[in-house]
Structures are given as structure tokens and as C-alpha cells.
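Below: the structure, in C-alpha cells.
The values are calculated or read from the model by the stated rules, or taken from the named source; none is laboratory data. Since the model is a prediction, treat every value here as computed from it, not as a measurement. As a convention, Cβ positions derive from the backbone with ideal geometry for all residues, glycine included, and neighbour counts pool all protein chains shown. The area values use the complete protein model at the heavy-atom level, side chains included, leaving out ligands, DNA and RNA. Shrake-Rupley method; radii C 1.70, N 1.55, O 1.52, S 1.80 Å.
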Amino acid sequence: GGGGNLSVPGGDWSPPPCWYAPRYSPEELKEKIDDSPFSVTGRDPDNGGQKQDTDLAIREKYESGDYDDYNLDKQGEGQFWAAVPNPDEKDAAKAQSCTELPFWVENGEVPDVENAISPQILSKLAYARIRVPDTRVEMNPAGRQTVNLPTWVWLDEGRYKRLSVRASVDLGAGREIWARTTVEPEALKLDPGTDSARLHPGSGECGVKDDGSIGTRYVKGSGKKAPPCGVTYLRASRGGGSYTLRSTLTWTASWEGSGGAGAQDLPSGEFGGQQDITVQEIQTIN
């Protein structure tokens, strides 16, 4: 339950908006063009003369132009590769930017065409599909926090562990291209939700230990010690309100695929959560 896909800080990375991949057998392409020639362009049709002219040109291309009767005599020997718009791409112009009409490729081959599906592209698509769990930290004290008393924060081993997604494309002739993208926790970043707080460590970034845990579980008698991961609130939350503690887990990414390990690095991603923290002030008499 919960969780979601990773986001990349800065927003300067995204999966490809479209690519080319095997889509149609000769019979499937003929059926699709018989139904609607313009549909193989991967673009939204206009209702003017351009669509009608394009429909005629497409029929000619596959019936008697570049191809002879849709390559029906080569059924089973290859496939027509065509543009695949990324269904998650919100910019329609980008999703429709792969404008090549379907083209023939023999089984087992990869065309030398820009944006043809590849292990690199598959690694990015797999990265976008990885779903990580909610980032929710354990704390001590578990309930109401106290001014100047350290709050210990930790993530137990086991819940936040290495995750992978594998993506592949069957090229025919017993050959496929594939990529497996893997992410694993790297560090936890704390934001106490107020300037009136002290972070532990001072950077607010807690690294992953060898056993996969982050921080240290509180043990009795450690109340006044500075925790290896945590926060000390210096002022009470007023009027029955609370502070919002934000916990952001950074995940590093890597991939391997047909042809070896990834030559192009994938960015680290983040997934965060938040918890409302009520901080009280205890009066003492000296």
C-alpha cells in the first residue's frame, strides 16, 4: 500500500516521449490501414484535405510503392516497426514527435534508426515504472515530542531494499533486447518543518548502513544523547498545532541489459513522506 514512482530533483530528466519498436505483422498492418490509414502516423488527424491526401499516399506506399502488397508474402519473416508514443508523456507534441511511418525489419534485427528501441531506452522506461514504498520513519518518542529532547529517527532494515524492473522486446528469431533497472536506498534527508530545530547530523542527511538500515533504533537510557539520525526541536508547536516533519529517501539507480552494463547513468530519484509532529514544552522548577 502507498508508495509511488521516483521523482528526479531538478526535473531535468524524463523517459523518452516516443520510440520505434516492432508493432505489426504484414496482416496486422494491412488490417489497420484498411480501417484507417492515418492512424499509422501516430498523430492526431486533422479534418481537412491533409488527412485525405495522407490516407491516399499511405495506401499507395504499402500496396504498390515501397512495399508490395504489405509484404504479405513475407509473413513470419519480420515485422513492421512503428512509432510508440509514451502513454505517460503529457506533452502531445513530444509524444507524437516520432514521425516515421511503419518500416519493415527482418526478424532478429535492430534498425539503424534514431529512437529505435534499445537497452538504453528500456532502462529508462523500466526506471519510470519502479514503485517504491512510502517513506515513513520510526521515531522515539513515538508520540508527542518535547522541547530540547532529541527525537531519534530510523528506518529498519528490510522494508527499504533493492528493487528492480525488467523490460524487454521480442525481436523474433529467438532474439530479444532487454534491460533491468535497479534502485536501492542511499540516504534519508530530514526537514523538521521549522527553523527552530537542530538536525542530527547537522546536514540532516542520514546514510544507509551495511545492513540496509538508516539511523539507530532508540534504546532505553539514550534519551539525552544526540542520535545518529534525528532532530531536536527548540520551540514548542503553538496553539495545539504541529510541525510537518518531511522525510525524503534518495534511491540510486543502475542498469544492465543485453550487451552488458549500462553505459549511460540513470539519475538518483527521491520519494518522500511527511508526518505531523506536536512538540510540547515541559516547565521545570529549579
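Observations on the structure shown:
Condition check ((1) assigned to a loop (DSSP other than H, G, I, E, B); (2) small (Gly, Ala, Ser); (3) touching a Ser or Thr at 6+ places or on another chain (Cβ under 9 Å)) across all residues:
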site: 206; (1), (2), (3): no, no, no
site: 221; (1), (2), (3): yes, yes, no
site: 245; (1), (2), (3): no, no, yes
site: 255; (1), (2), (3): no, no, yes
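- Residue tally, condition crowded, with 17+ Cβ neighbours inside 10 Å, aliphatic (A, V, I, L, M) and in a helix (DSSP H, G or I), over region 2-60: 4
- Looking only at region 107-136, residues that are over 22 Å from the mean Cα position of the chain (by Cα) and either touching a residue at least 60 places away in the same chain (Cβ under 8 Å) or buried (at least 20 other Cβ atoms within 10 Å of the Cβ) (or both) come to 6 in all.
- Residue-level check: of (1) modelled with pLDDT under 95; (2) part of a loop (DSSP other than H, G, I, E, B); (3) not acidic (Asp, Glu), residue 194 misses just (1).
- Every listed requirement among (1) open to solvent by 70 Å² or more (accessible area, probe 1.4 Å); (2) over 35 Å from the mean Cα position of the chain (by Cα) is met by residue 72 save one, (1).
- For region 6-64, the set of residues classified as within 30 Å of residue 248 (Cβ to Cβ) and of a type outside the set (Phe, Trp, Tyr) consists of 6, 7, 8, 9, 10, 11, 12, 14, 15, 16, 17, listed by residue number.
- Test for residue 161: is it outside any strand (DSSP E or B), at pLDDT below 95 and closer than 30 Å to residue 124 by Cβ: yes
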